[in-house]
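The values are calculated or read from the model by the stated rules, or taken from the named source; none is laboratory data. Predicted model, so just to flag it, every value in this text is computed and none were measured. Cβ placement follows ideal geometry from the backbone for every residue including glycine, while neighbour counts extend to all protein chains displayed.
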Amino acid sequence: MSLLELREVDAAYGAVQALRGVSLSVARGEIVALLGANGAGKSTTLRAISGLLRPAGGTILFDGQPIGGLHPERVVRLGIAHVPEGRRVFPGLSVRENILLGASNRRASRAEMAQDASAMFALFPDLVRFADAPGWTLSGGQQQMLALARGLMAKPTLLLLDEPSLGLAPLIVQQVFRIIRQIRETGTTVLLVEQNARVALSIADRGYVLETGRLAVSGAPAELWNNEEVRAAYLGGRVAKAG
Amino acid sequence: MKNPALALLGAAACVVLGLVAPLDDYLIKLLMQAATYAIAVLGLTIVLGYTGQISLAQAAFFGIGAYGVALGSTGLGLSFFAALALGTLLAGLFGVLLGGSTLKLGGHYLAMVTISFQEILTLVLTNWVGLTHGPDGVANIPRPTGLVAAPRYLALCLLVLFATAWAVGALKRRPLGLAMQAVRDNELAASVVGVNTYRVKIIAFALSALLGGLGGGLFAGAFRYISPDQFSFDDSVVLLTMALLGGVEAATGSVIGTALLVLLPEWLRFLRQFYLAVYGLAVILIMVFMPAGIWGFLAGLRPRRVAMPQPGGLVLGRAAGEGALLEVVGLAKHFGGLRAVDGVDLRVLAGEVHALIGPNGSGKTTTLNVLSGLYRPTGGSVRLAGREVAGHAPHLLAAAGLGRTFQNIRLFHSLTAFENVLIGAQAAGGAQAAERAAAALDFVGLADRAGAIAASLPYGHQRMVEIARALAGNPALLLLDEPAAGLNLTEKQALGQLLDRLRGLGVTLLLIEHDMDLVEQVADRITVLNFGKRIADGTPAEVLRHPEVVAAYLGEEAGHEFA
Amino acid sequence: MSIALQLLFTGIGIGAVYALVALGFVLIYRATNVVNFAQGQFAMLGAFGMVITTEGLGLPYWLGILLTLAAMALFGALFNLGVYYPLRHRSFLPVVISTIGASILLTNGVLATYGPEPATLPGLTDLPGLNFGGLFLDSQYLAIIAITLVLVVLQYLFFERTLLGKKLQATSQDKEMASLLGIPVAGMIMLTFVYSAVLGGIAGILVAPILFVSVGLGAQIALKAFAASIIGGFGDIPGAIAGGLAIGVIETFGAFYISVPYKDAYAFVLLFAFLLLRPQGLFGEKVSQKA
């Protein structure tokens, strides 16, 4: 059985239809990439799963239970952590405090939380020297690490990652994706939204491509990478055909 | 009340009601109070209803007008009307000073500053005994010669009220009134279509103070005795409640609200001591359940008519000329340590469609915000048609021939489609503005939706109205921020055709877009940004195969095989 | 010199009360982006709570304080549910007008129930006060300063040292992100209103013995607290405290050296000076623009 399943999900922002009948599934232990150009509905899909946006139609099942329309505070308690686009680090709180708040979805003793936070600093050694610095002083790459660490503090079964490569230099992107691979090795399932198709497909088990709110194609990474439709979704039809 | 004959008839009715109707003294007093208050409340219609700024000092301006009349006539020996003019102008002057110092800051500042002003005025009226006679107040205020009898004076008050209500109602459809509503609905969008928002807010606040003063001046003559406690913060609150209850966005609403709240305490005598508390409760309930007030609620039930001229063909008056229309060199915008735009060069040739593309977060929208004056650049130069314009205010850039649309559409949501476009056309002036607006709306194919309220239009139409609004400003250069976002396939095709037709008009386009099919279809040249820097520039064919561009979009080099 | 010191002491005492109200005002603004124009009425209610429990019901002073603060906490919750919560998705204007309505309702509700006659309350302590070589430190003012100091320190520790304090801060910085982490955002906002109401209540209890308890008390304090928060830099907590103290001191000096009747105007003169010359306030960042 899939860990996460979307069936014919519709979603809208006011008058704008953002998702039209999106169906996809993620099996336990997978990394699944959700690709597509800007505005295709990738972030909206994640927002519908984590409860930031109430779906207008369709079903979202997590571990067999319907979760569509639940409040985000409830969804994260079920074990779905959403690391949103733009990292959203709390600027006025220190790095350590940002990390500790990641555990707000579960009941943990102080000692337990301190231990889990140390584990995060071990996973992201770059953050150690900024432990007491406020969030806004971090560079983009460090903020992404912090956002990941904060998301992992929830001990999620499923991690939703939105554009972790956004605005990061290529070397940092590689570093982030190495960590995402490590995260999966610890048993966490990952649904990854990326505009950077190359890097996303390099670590994914499967991928879906969205185009203006609909699922266009799905398949294995190599298949998708060589698929003309996928390239067209990013760079336009004529170039893909000519290339 | 568009019809002058109707207006005259109404005015005559006011006079007759005052002079002939058999009213007892008590009712006359009540009507005088209602009429003079209503004039001040009409001021709130302008500042709060039309312009969306909270003023909590209307009783202070009312008091300034009243003391102007009282002291001008009893102390300085001025005639009633000269004293009335003095009080009214004094109130307006304070309005300009207060507004000028505050209206550049956020909305709550005005609320606090007006409360403070209200308190200071009360202190001055009470304590500056030498000038104001202190807590004893001023008695024996004369009425104008010939209007001493109560019914006649009431006729005067009603006449002034009628004229004021008529003028305030008419203002709503005049260019100034439209600009005020544009500021209320979306200040940012108002500035980029050429409205000098600061100036409009000051004018609104000053007019409001002026009407407060006028009402107060007439009030002094009506009761012939005034004292500081009649112009306290509580009274400002009463005036505010009157405006909100009746419906603050229309002159009629203000008059209804005032009449109700002057008469209600008489009808609700059993509430006597609680009646102000009930006002407070009413304010909360109105906000929660009927934010548009009684009149707003009723007016919302009937459709709006618009007087749109027959649309002619759209002609853009600024011929593109030759060479670079826009020349950007080393443009930078830093937010703290973040270099959102980091030394971008951009050259847009006259008459071309130029696309600005790049991954999310690469600095495209920030670039557009700097170009249209919403952000002040950290460095670099921007030349529009040869003139340096970096750091100029948005409304000046609009006047210089720059139009723009927004990624998340910013319309004046409570105005009609036609009014939205009309605000964009104001530079043309008068009847020409209306003709230009009609032509622009027709150009995007929405002439038949002219009377629809912008917020009620489907998304695709809202995009088109926004483009028409920008076109109505007669731009030489039109900046479009993701015009295809959120459009379905048919709408996208229509947009592509529209952009081709725009090129035919001679307008130069700078376009941010993620839909590469559309970019390929319409763009003559493309500039690609990444990390706030330009990474490529050229024709679509060159740029979209440029390895760095492919890498920026897809990640690393294309054609890499997967294991 | 000793007169100046004496005035400084008095000014800090009264300024501490302004600071407490300003603090509640800023906390609500940070949590909800709402400027709560009824904040001063919280202090008025606190003072009347004391009058009702001690004078009216004849309860002992300490019990009166406990009951009043409990009632204030409940009131803060009701205020949130009745005035803010129904309008939380609406724009700034309706919410602000709604709080103004609440302020009118509270003032006039109390006025209609108790009438305009001001009540007096005994001080917190019967101690005679301290004498330092010509400088007389009144016990009530000392109590105000001491309690304010303790509250500010406790609040600092709460926000900086407890997880709950951190969750409140996270909520005020980014509500959506806070909810994604499982922080109950609605609960945090409720807590903020409850705490701000209690803070206002404490300010009212402290100030009641040195001013008369009347319905005008709320507006009088609120206006100074507004001015204090603007002078301190809107939304800034240390700024609100500094602004409150500055206003207390300036109006005390002004009343002594310039004129008593205009005592309440000095705060506003200072406010106008700041708006014209330094609108970002003492510690504030430059007022930022957003597109």
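Evaluating A:Ser25 against the criteria (1) under 21 Å from A:Gln195 (Cα atoms); (2) touching a residue at least 24 places away in the same chain (Cβ under 8 Å); (3) surrounded by fewer than 20 Cβ atoms within 10 Å (Cβ to Cβ) leaves one unmet condition, (2).
Scanning region B:530-550 for residues that are within 40 Å of the chain's Cα centre (by Cα) and within 11 Å of chain A (Cβ to nearest Cβ), which turns out nearest to B:Val344 (Cα to Cα)? Filtering first and then ranking leaves B:Gly532. Return the residue satisfying two criteria in turn: it lies in region A:46-74 and is crowded, with 23+ Cβ neighbours inside 10 Å and more than 13 Å from A:Leu4 (Cβ to Cβ), and of such residues it is farthest from the other protein chains (Cβ to nearest Cβ). Out of the qualifying residues, it is A:Pro55. Of all residues in region B:434-461, those satisfying the criterion of being under 19 Å from the mean Cα position of the chain (by Cα) and buried (at least 23 other Cβ atoms within 10 Å of the Cβ) are B:Ala437, B:Ala454. When residues in region A:75-100 are screened for being within 20 Å of A:Leu161 (Cβ to Cβ), within 7 Å of another protein chain (Cβ to nearest Cβ) and hydrophobic (A, V, I, L, M, F, W, C), 2 of them pass. Restricting C:Ala197, C:Ala186, C:Ala178 to those that are touching a Phe, Trp or Tyr at 6+ places or on another chain (Cβ under 6 Å), modelled with pLDDT of 90 or more and in a helix (DSSP H, G or I) reduces the list to C:Ala197.
Taking only pairs six or more apart or across chains, which ones have beta-carbon atoms under 9 Å, a first residue in region C:1-19 that is on the phi > 0 side of the Ramachandran plot, and a second residue that is assigned to a helix (DSSP H, G or I)? So the pair list comes out empty. Among the conditions (1) within 20 Å of the chain's Cα centre (by Cα); (2) free of Cβ contacts under 8 Å to residues at least 24 places away in the same chain, the only one that B:Ala179 does not satisfy is (2).
Residues that are within 13 Å of another protein chain (Cβ to nearest Cβ) and modelled with pLDDT under 85 do not occur anywhere in region B:518-529.
The criterion of at least 1 residues that are over 15 Å from A:Thr189 (Cα atoms) is met, among strands (runs of 3 or more DSSP E) falling completely within region A:1-94, by A:4-13, A:16-26, A:31-35, A:57-62. Just give me the residues in region C:162-176 being within 7 Å of chain A (Cβ to nearest Cβ), closer than 14 Å to C:Ile189 by Cβ and of a type in the set (Lys, Arg), in sequence order. Of everything in region C:162-176, just one residue is within 7 Å of chain A (Cβ to nearest Cβ), closer than 14 Å to C:Ile189 by Cβ and of a type in the set (Lys, Arg), namely C:Lys167.
Just one of the listed residues (B:Leu154, B:Leu123) is farther than 30 Å from B:Val200 by Cβ, of a type in the set (A, V, I, L, M, F, W, C), facing another protein chain (nearest Cβ under 10 Å) and assigned to a helix (DSSP H, G or I), and it is B:Leu123. So, in region B:350-392, of the ones that are without any contact (Cβ under 8 Å) to a residue 12 or more places away in the chain and within 14 Å of chain A (Cβ to nearest Cβ), which residue ends up surrounded by the most Cβ atoms within 10 Å (Cβ to Cβ)? Selected residue: B:Gly361.
Among all positions in region A:191-200, there is no residue which is crowded, with 21+ Cβ neighbours inside 10 Å, charged (D, E, K, R), out of contact with any strand residue (DSSP E or B) (no Cβ under 8 Å at 6 or more places or on another chain) and under 15 Å from B:Met516 (Cβ atoms).
The criterion of being farther than 25 Å from C:Asp174 by Cβ and either surrounded by fewer than 21 Cβ atoms within 10 Å (Cβ to Cβ) or more than 12 Å from the chain's Cα centre (by Cα) (or both) holds for A:Arg206. Within region A:97-132, the residues that satisfy the criterion of being over 22 Å from the mean Cα position of the chain (by Cα) and surrounded by 17 or more Cβ atoms within 10 Å (Cβ to Cβ) are A:Met113, A:Phe130.
Could you go through region C:121-142 and let me know if any residue there is among the aliphatic types (A, V, I, L, M) and either in a helix (DSSP H, G or I) or within 30 Å of A:Ser94 (Cβ to Cβ) (or both). So far as region C:121-142 goes, yes, one or more of its residues are among the aliphatic types (A, V, I, L, M) and either in a helix (DSSP H, G or I) or within 30 Å of A:Ser94 (Cβ to Cβ) (or both). Note on region B:427-447: residues that are at pLDDT below 90 and either within 16 Å of B:Val507 (Cβ to Cβ) or part of a helix (DSSP H, G or I) (or both) amount to 5. Taking (1) crowded, with 24+ Cβ neighbours inside 10 Å; (2) closer than 19 Å to A:Val76 by Cα; (3) away from chain B (no Cβ under 13 Å) in turn, A:Asp162 satisfies each apart from (3). If the condition is being at the interface with chain B (Cβ under 8 Å from one of its Cβ atoms) and either modelled with pLDDT under 80 or more than 18 Å from C:Phe42 (Cβ to Cβ) (or both), then region C:84-103 contributes C:Pro86, C:Leu87, C:Arg90, C:Phe92, C:Leu93, C:Pro94, C:Ile97.
Taking region C:232-270 as the range and being in a helix (DSSP H, G or I), within 11 Å of chain B (Cβ to nearest Cβ) and of a type in the set (Val, Ile, Thr) as the test, only C:Val269 passes. Note on region A:168-233: enclosed helices (runs of 4 or more DSSP H) holding 3 or more residues that are of a type in the set (A, V, I, L, M, F, W, C) and in contact with a helix residue (DSSP H, G or I) (Cβ under 7 Å, 6 or more places away or on another chain) are A:170-185, A:197-203. Kindly check whether there is at least one residue in region B:86-98 that is facing chain C (nearest Cβ under 10 Å) and crowded, with 18+ Cβ neighbours inside 10 Å. Within region B:86-98, one or more residues are facing chain C (nearest Cβ under 10 Å) and crowded, with 18+ Cβ neighbours inside 10 Å. Consider region B:336-349 and keep the residues that are within 11 Å of chain A (Cβ to nearest Cβ) and part of a strand (DSSP E or B). The one that is surrounded by the fewest Cβ atoms within 10 Å (Cβ to Cβ) is B:Leu338. Is there a residue being more than 9 Å from every other protein chain (Cβ to nearest Cβ), modelled with pLDDT of 90 or more and either farther than 26 Å from B:Leu316 by Cα or surrounded by 22 or more Cβ atoms within 10 Å (Cβ to Cβ) (or both) anywhere in region B:487-495? Yes, there is a match, as at least one residue in region B:487-495 is more than 9 Å from every other protein chain (Cβ to nearest Cβ), modelled with pLDDT of 90 or more and either farther than 26 Å from B:Leu316 by Cα or surrounded by 22 or more Cβ atoms within 10 Å (Cβ to Cβ) (or both).
Taking region B:69-95 as the range and being part of a loop (DSSP other than H, G, I, E, B) and not polar (S, T, N, Q) as the test, the residues that pass are B:Gly75, B:Leu76, B:Gly77, B:Leu78. Here A:Gln142 meets each of (1) more than 27 Å from C:Gly187 (Cα to Cα); (2) of a type outside the set (Gly, Ala, Ser); (3) at the interface with another protein chain (Cβ under 9 Å from one of its Cβ atoms) with one exception, condition (3). Within region B:377-389, one or more residues are assigned by TED's automatic domain parsing to the domain that holds B:Leu480 and polar (S, T, N, Q).
For region B:480-487, the criterion of a residue being under 13 Å from B:Pro540 (Cα atoms) and of a type in the set (Asp, Glu) is satisfied by no position.
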